[in-house]
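Okay, so here's the structure we're looking at.
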Amino acid sequence: MRAAARQRFKFSLQCESEFKAMLNAGLRTQNIGLQEFTERKAEAQSNVEKLVRAMINAQLTKDPAVDVLDEWTILHVLNQEHMCPGLWPIC
């Protein structure tokens, strides 16, 4: 969320909820424990920031006047731009 704020973007409530659910699902699906997450925290943070930057770019492409990320940006980036796999722990 801080990555979006640095670019002066906000998450809609639905987008924030879906984003958090997606992260939690990735952690559960991959059975990530606290120790592994702690060891790979920098990688996780980098990947979240990469995803958020791509979401912002998608929004700017669609409508540069809008500074709120909606849930369509998540699906667009993951499905249309094929960022998965490779964004640990998201996918």
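The values are calculated or read from the model by the stated rules, or taken from the named source; none is laboratory data. What you are looking at is a predicted structure, and each value in this text was computed from that prediction instead of being measured. Neighbour counts run over all protein chains shown; Cβ positions are idealised from the backbone, glycine included. All accessible areas refer to the heavy atoms of the entire protein, side chains included, with ligands and DNA or RNA removed. Shrake-Rupley method; radii C 1.70, N 1.55, O 1.52, S 1.80 Å.
Lysine pairs, Cα distance under 18 Å, 8 or more residues apart or cross-chain: how many in the chain? Could you put the intermediate results ahead of the total?
Numbers: Lys10/Lys20; Lys10/Lys50; Lys10/Lys62; Lys20/Lys41; Lys20/Lys50; Lys41/Lys50.
Here the count comes out as 6.
Within the shell of other residues whose beta carbon sits under 13 angstrom from the beta carbon of Lys20, the net charge comes to -2, with Lys and Arg scored +1 and Asp and Glu -1. Accessible area per residue was computed with a 1.4 Å probe on protein heavy atoms; Arg40 scores about 70 Å². With respect to the chain, whose longest principal axis is taken over its alpha-carbon atoms, helix 41-62 is tilted by about 20°. Take every pair of alpha-carbon atoms less than 8 Å apart whose residues are at least six positions apart; their mean separation over the length of the chain yields a relative contact order of 44 percent. Expressed as a whole percent, the accessible surface of the chain that belongs to carbon and sulfur atoms is 52, based on a 1.4 Å probe. Surface analysis of the chain yields an accessible area of 63 Å² per residue, using protein heavy atoms and a 1.4 Å probe. Only helical runs count toward this figure. For the chain, summing -39,500 (n - 2.57) over DSSP H runs of n ≥ 4 and dividing by all residues gives -18000 deg cm²/dmol at 222 nm.
When the surface is traced with a 1.4 Å probe over the full set of protein chains, Lys10 keeps roughly 110 Å² accessible. For Phe11, nonlocal amide neighbours, meaning residues 5 or more places apart or on other chains whose placed amide H falls under 5 Å from its own, are Leu69.
Scaled against the 2.2 N^0.38 Å expected of a compact globular protein of N residues, the Cα radius of gyration of the chain reads 1.07.
When the Gaussian network model of the chain links Cα atoms closer than 10 Å, the mean-square fluctuations of Ile56, Ile74, Ile32 top out at Ile32. Within the shell of other residues whose beta carbon sits under 15 angstrom from the beta carbon of Thr73, the net charge comes to -3, with Lys and Arg scored +1 and Asp and Glu -1.
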